[in-house]
1. Does any residue in segment 25-49 that is farther than 17 Å from residue 74 by Cα and surrounded by fewer than 20 Cβ atoms within 10 Å (Cβ to Cβ) come within less than 8 Å, Cβ to Cβ, of a residue that is modelled with pLDDT under 95 and hydroxyl-bearing (Ser, Thr, Tyr) six or more places away or on a different chain, and which pairs are these?
2. With the condition kept exactly as written, say whether any residue in segment 118-135 is among the β-branched types (Val, Ile, Thr), assigned by TED's automatic domain parsing to the domain that holds residue 150 and part of a helix (DSSP H, G or I).
3. List pairs: first residue in segment 60-73 and closer than 18 Å to residue 110 by Cβ, second residue among the polar types (S, T, N, Q) anywhere in the structure, Cβ distance under 6 angstrom, at least six positions apart or on different chains.
4. Could you grab me the full set of residues in segment 123-157 that are of a type in the set (Gly, Ala, Ser), more than 17 Å from residue 67 (Cβ to Cβ) and either at pLDDT below 95 or surrounded by fewer than 18 Cβ atoms within 10 Å (Cβ to Cβ) (or both)?
5. Would you point out the residue of segment 111-122, among those that are without any contact (Cβ under 8 Å) to a residue 40 or more places away in the chain and surrounded by 12 or more Cβ atoms within 10 Å (Cβ to Cβ), that is farthest from residue 82 (Cα to Cα)?
6. Which helices (runs of 4 or more DSSP H) sit wholly inside segment 1-109 and have at least 2 residues that are touching a Leu at 6+ places or on another chain (Cβ under 9 Å)?
7. Name the residues in segment 123-157 that are without any contact (Cβ under 8 Å) to a residue 24 or more places away in the chain and in contact with a helix residue (DSSP H, G or I) (Cβ under 7 Å, 6 or more places away or on another chain), would you?
Amino acid sequence: MADMVDNRYKIVDQAMKKLGYEKSALLEVLHVAQETFGYLDKDALKFIAKRLKAPYSKVYGVATFYHRFTLKPQGKHTVVVCLGTACYIKGSKEILKALENRFAIKVSQTTNDNLVSLLSARCVGSCSIAPVMVCDNKTYGKLTLENTLEQMEEMLS
């Protein structure tokens, strides 16, 4: 179990205290933990469950339900390809395949050198510029196979 000597746990605990250790604050607490740790590991989830007096299964269930949470450390760069209806119709599935091939990983994986994590999302809310990917929190739209790979090479250089 996590120990409170790690200042990151203190930050998460302060957020829970501010929210009154309410079970209803779980989603917000998970966001704080994700931001603080960079990902949600088993120890962090157990810590949150214990402090909120919530079943671990509920905390784990919420953490795995939402695509914004990750249970593994992410790469230096995070690439999220939208697979929502508008993006899918305009070729995001092919773009995702091209990125998988370029980095030799599957969606939800990180390259061996921890440089790139490749993720997908059901919708990123940018349908008017479909297909879309979000790289390090910057949105790129109206993608083609060619400009997607160019964007990636530019980001990595």
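The values are calculated or read from the model by the stated rules, or taken from the named source; none is laboratory data. As the structure is a prediction and not an experimental result, all values here were calculated from the model. FYI the Cβ positions are ideal-geometry reconstructions off the backbone, even for glycines, and counts take in every protein chain you see.
1. 27/66
2. If we filter segment 118-135 for residues that are among the β-branched types (Val, Ile, Thr), which is where we start, we get 124, 129, 132, 134.
Retained after the next criterion (residues that are assigned by TED's automatic domain parsing to the domain that holds residue 150): 124, 129, 132, 134.
When the remaining residues are screened for being part of a helix (DSSP H, G or I), the result is 129.
Yes; the residues of segment 118-135 include at least one that is among the β-branched types (Val, Ile, Thr), assigned by TED's automatic domain parsing to the domain that holds residue 150 and part of a helix (DSSP H, G or I).
3. Qualifying pairs under 6 Å: 69/34.
4. 128, 141, 157 - these are the residues of segment 123-157 that are of a type in the set (Gly, Ala, Ser), more than 17 Å from residue 67 (Cβ to Cβ) and either at pLDDT below 95 or surrounded by fewer than 18 Cβ atoms within 10 Å (Cβ to Cβ) (or both).
5. Of the residues in segment 111-122, the ones without any contact (Cβ under 8 Å) to a residue 40 or more places away in the chain are 111-113, 118.
Now narrow it down to the ones that are surrounded by 12 or more Cβ atoms within 10 Å (Cβ to Cβ): 111, 118.
Details: 111: 20, 118: 11 Å.
Checked segment 111-122; the qualifying residue farthest from residue 82 (Cα to Cα) is 111.
6. Because the criterion is at least 2 residues that are touching a Leu at 6+ places or on another chain (Cβ under 9 Å), the helices (runs of 4 or more DSSP H) in segment 1-109 that meet it are 26-37, 42-52, 56-65, 92-103.
7. 140, 141, 142
The rows are residues; the columns are (1) out of contact with any strand residue (DSSP E or B) (no Cβ under 7 Å at 6 or more places or on another chain); (2) modelled with pLDDT under 95; (3) aliphatic (A, V, I, L, M); (4) farther than 30 Å from residue 19 by Cβ.
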| position | (1), (2), (3), (4) |
| --- | --- |
| 64 | yes, yes, no, no |
| 67 | no, yes, no, no |
| 74 | no, yes, no, no |
| 78 | no, yes, no, no |
| 95 | no, no, yes, yes |
